[in-house]
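Heads up, the thing below is written out as structure tokens.
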Amino acid sequence: MVDSLQDLIQKAAHIIVKSKNLIALTGAGMSAESGIPTFRGENGLWSKYRPEELATPEAFFRNPRFVWEWYAWRIGLVINAKPNPAHKALAELEKMGFLKLTITQNVDNLHERAGTKRLVKLHGDILTARCVSCGYKLHMSEPPKEIPPKCPSCGDIMRPDVVWFGEPLPVKALEKAFEYARRADAIIVVGTSGVVYPAGIIPHVVKNSGGTVIEVNIAESGITEIADIFLKGAAGKVLPELVLEVKRISERT
Ligand code: OAD
């Protein structure tokens, strides 16, 4: 007999309660219910825009204005978005002491705004601009008025402080993510296609060191094959139910 979603949520909750080193890996699906578009799939950003024209260093230096205009639009979306019940559920799981680290591929700030403190951002931060010459960083609370923005320190142009195709990930963030992954006895993978590396390797690292992979996604992904428990459904619905079940079990024991 096939387990119902409710049964699977219970199984996952028991694993979480027993875990000592639980981590989470999140992707664009996490913020989809906050109105921020994902990258892949029918309505994904990469079905409307070409990544090589918008998300590579070559594209930026060819036409910084064009790239910034796209980022200014996305910055506006992030600023106007609110954390959804999925972000709040992970923050709650951290507050309860179960979730030791959230690793995100998202460049929005919705995990932080939901209250997550133990966070690693693998792909940078869309609300930070970085000088292409001196590295000066500037936090933006609104889309830049001057495009491309100029560095207040040296006057050269600034770029979004995000990771583009062909660029390395921030070293400290990557090291911390993999250190936690090697030690993890369980991982919750939420809303990621799992096809972008090295982030996509993280669930495999957990699995290979004997940990349990719990996946939350509306559809099968590159991770589903190695998932021990696949919770099929929207993160904003499944994660709050999972956390409620964790609470019930931990209050009983
Ligand atoms: P993708 O757009 O590749 O995948 C989004 C995933 O979320 C898919 O598997 C969807 O099925 C799932 N999904 C959509 N809505 C959901 C919901 N409400 N609840 C649960 N799951 C849902 O996004 P990422 O995997 O994050 O990189 O993409 C990885 C990287 O590729 C991004 O960080 C970005 C992109 O190019 C950079 O910008 C460097």
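With 19 Å as the cut-off, how large is the P(r) tail for segment 1-100, expressed as percent of Cα-Cα pairs?
61
Find the relative contact order for the chain and round it to a whole percent, using C-alpha pairs within less than 8 Å whose residues are 6+ positions apart.
After rounding, I find 25 percent.
Where only protein heavy atoms count, and the probe is 1.4 Å, what is the accessible area per residue for segment 14-139 in Å²?
45
Along the charge dipole of segment 69-130, Cβ charges K/R +1 and D/E -1, which of 127, 93, 110 sits furthest on the positive end?
Going by the Cα projections, it comes out as 93.
Students often check this: by mean Cβ neighbours within 10 Å, which of 107-113, 167-173 ranks highest, and how do the rest follow?
The packing order, highest mean first, is 107-113, 167-173.
Residue 4 to residue 201: FRET efficiency via 1/(1 + (r/R0)^6), r the Cβ-Cβ distance, R0 35 Å, to the nearest 0.05?
Computed FRET efficiency for residue 4 and residue 201: 0.65.
Based on Cα positions only, what radius of gyration and what Dmax would you give for segment 28-175, in angstroms?
Values for segment 28-175 (Cα only, Rg and Dmax): 15.7, 48 Å.
Calculate, for residue 179 and residue 96, the FRET efficiency according to 1/(1 + (r/R0)^6) with r their C-beta to C-beta distance and R0 25 Å; round to the nearest 0.05.
E(calc), rounded to 0.05, equals 0.65.
Return an integer: the convex hull volume of the alpha-carbon atoms of the chain, in Å³ per residue.
Considering the Cα atoms of the chain, their hull volume per residue is 121 Å³.
Provide the per residue accessible area, probe 1.4 Å, for segment 142-202, rounded to a whole number of square angstrom.
48
In the neighborhood of residue 114, defined by Cβ-to-Cβ distances under 13 Å, what is the net charge if each Lys or Arg adds +1 and each Asp or Glu adds -1?
+1
Considering only protein heavy atoms and a 1.4 Å probe, what is the carbon-and-sulfur percentage of the accessible area of the chain?
Ligands and nucleic acids excluded, carbon and sulfur give 53 percent.
Please give the net charge around residue 212, taking every other residue with its beta carbon less than 9 angstrom from that of residue 212, where Lys and Arg add +1 and Asp and Glu add -1.
Charge balance in the 9 Å sphere: -1.
Using modelled amide H (1.01 Å from N, peptide plane; none on Pro or chain starts), what sits under 5 Å from the amide H of residue 39, excluding residues fewer than 5 places away?
Sorted by chain and number, the residues that satisfy this are 45.
Normalise the Cα radius of gyration of segment 129-227 by 2.2 N^0.38 Å (N = residues in it) and let me know the number.
Computed over Cα atoms of segment 129-227, the ratio equals 1.43.
Holding the Cα-Cα limit at 20 Å, pick out from 11/117; 20/100; 88/121; 100/232; 100/247 the pairs that are longer than that.
Going by Cα-Cα distance, 11/117; 100/232 fall outside the 20 Å limit.
Quick check on segment 95-164: what are the equivalent-ellipsoid semi-axes from the Cα gyration tensor, as sqrt(5λ), descending, whole Å?
Values for segment 95-164, descending: 29, 12, 9 Å.
Find the centroid of the Cα atoms in segment 31-65 and in segment 121-147, then give the distance between the two in whole Å.
If you average the Cα positions of each part, the centres end up 17 Å apart.
With a/c under 1.5 counting as rounded, go ahead and sort segment 1-40 into rounded, prolate or oblate using the C-alpha gyration tensor (a ≥ b ≥ c being the square roots of the eigenvalues; past the cut-off, prolate if a/b is larger than b/c, else oblate).
Oblate is the answer for segment 1-40, as a/c is 1.5 or above yet b/c matches or exceeds a/b.
Name the longest site-free stretch of the chain, where the excluded sites are chymotrypsin sites (Phe, Trp or Tyr not before Pro) in a DSSP loop with no more than 16 other beta-carbon atoms within 10 Å.
166-253
The values are calculated or read from the model by the stated rules, or taken from the named source; none is laboratory data. This structure is a prediction, so every number in the text was calculated from the model and none was measured. Cβ atoms come from the backbone with ideal geometry, glycine included; neighbour counts cover every protein chain shown. For accessibility, only protein heavy atoms count, side chains too; no ligands or nucleic acids. Shrake-Rupley method; radii C 1.70, N 1.55, O 1.52, S 1.80 Å.
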